[in-house]
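Visitor: Can you keep this structure in mind? I'll have questions shortly.
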Amino acid sequence: MILDWSRLNGLKQGDEEEDRLWLEDMIRSLRKNMNVRLDNIKSFAAQRKSEELRAELHQTKGVAANFGLAALQAKVTEAEAKLKQGDLATCLTLCEDLPVIWEKTKTELETKFPE
């Protein structure tokens, strides 16, 4: 599962137009925020900055969980766990998958939240 639509829809307080517009605004913000986060992860991974990478993975995991980005959350969680275990090489390999997962996630988001 790429997206947990029930989690995403659960962010709305109701079915009013205002709620829909609020969620659309949140999705726009999510797109920008996640692009920055993935750029940071790529940069920290390339520089082998373990502590900065761990912090960015942790925050990305939280954002993904809050928005129901199931596939991204799973991969980031796995990468963070490997890094905490001292397995930087596997963490870096897992991080390489994140842009592809994010692109698939954005494509799925497009079905209900076009840019």
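Visitor: What about residue 82, is it closer than 25 Å to residue 5 by Cα and among the basic types (Lys, Arg)?
Guide: Details: closer than 25 Å to residue 5 by Cα: no; among the basic types (Lys, Arg): yes.
No, not satisfied.
Visitor: Here's a follow-up. Suppose we keep only residues that are in a helix (DSSP H, G or I) and surrounded by 13 or more Cβ atoms within 10 Å (Cβ to Cβ) within the range 99-115. Which one would you say is nearest to the chain's Cα centre (by Cα)? Give the steps one after another, and end with the answer.
Guide: Step one: of the range 99-115, the residues in a helix (DSSP H, G or I) are 99-110.
Among the residues that remain, those that are also surrounded by 13 or more Cβ atoms within 10 Å (Cβ to Cβ) are: 99, 101-102, 104-106, 108-109.
On the way: 99: 10, 101: 9, 102: 7, 104: 11, 105: 9, 106: 10, 108: 13, 109: 12 Å.
Across the range 99-115, the extreme among qualifying residues is 102.
Visitor: Restricting attention to the range 1-45, report how many residues are of a type in the set (Phe, Trp, Tyr) and closer than 16 Å to residue 107 by Cα. Spell out how you get there, then give the answer.
Guide: Step one: list which residues in the range 1-45 are of a type in the set (Phe, Trp, Tyr), which gives 5, 22, 44.
In the following step, the residues that additionally are closer than 16 Å to residue 107 by Cα were identified as 5.
Count: 1.
Visitor: Right, something else. Which condition number in (1) in contact (Cβ under 8 Å) with a residue 12 or more places away in the chain; (2) touching an Asp or Glu at 6+ places or on another chain (Cβ under 9 Å); (3) not basic (Lys, Arg) is the one that residue 95 fails?
Guide: It fails just one condition, (2).
Visitor: Any idea which residue in the range 6-24 is nearest to residue 70 (Cα to Cα), counting only those that are within 21 Å of the chain's Cα centre (by Cα) and among the small types (Gly, Ala, Ser)?
Guide: My answer is 6.
Visitor: Out of 76, 63, report the one residue that is in contact with a Ser or Thr (Cβ under 8 Å, 6 or more places away or on another chain) and closer than 21 Å to residue 43 by Cα. Even if it seems obvious, please write down each step before you answer.
Guide: Details: 63 fails: in contact with a Ser or Thr (Cβ under 8 Å, 6 or more places away or on another chain).
Testing whether each residue is in contact with a Ser or Thr (Cβ under 8 Å, 6 or more places away or on another chain) and closer than 21 Å to residue 43 by Cα leaves just 76.
Visitor: Looking at this structure, is residue 111 within 17 Å of residue 6 (Cα to Cα), of a type in the set (Ser, Thr, Tyr) and without any contact (Cβ under 8 Å) to a residue 60 or more places away in the chain? Outline the logic, then answer.
Guide: Details: within 17 Å of residue 6 (Cα to Cα): yes; of a type in the set (Ser, Thr, Tyr): yes; without any contact (Cβ under 8 Å) to a residue 60 or more places away in the chain: yes.
Answer is yes for this residue.
Quick note: the coordinates plus some simple rules give every number you see, no bench work behind them. Here the structure is a predicted model, which is why all the values come from computation and not from measurement. Methodologically, a virtual Cβ is constructed for each residue, glycine included, from the backbone with ideal geometry; neighbour enumeration extends over all protein chains shown.
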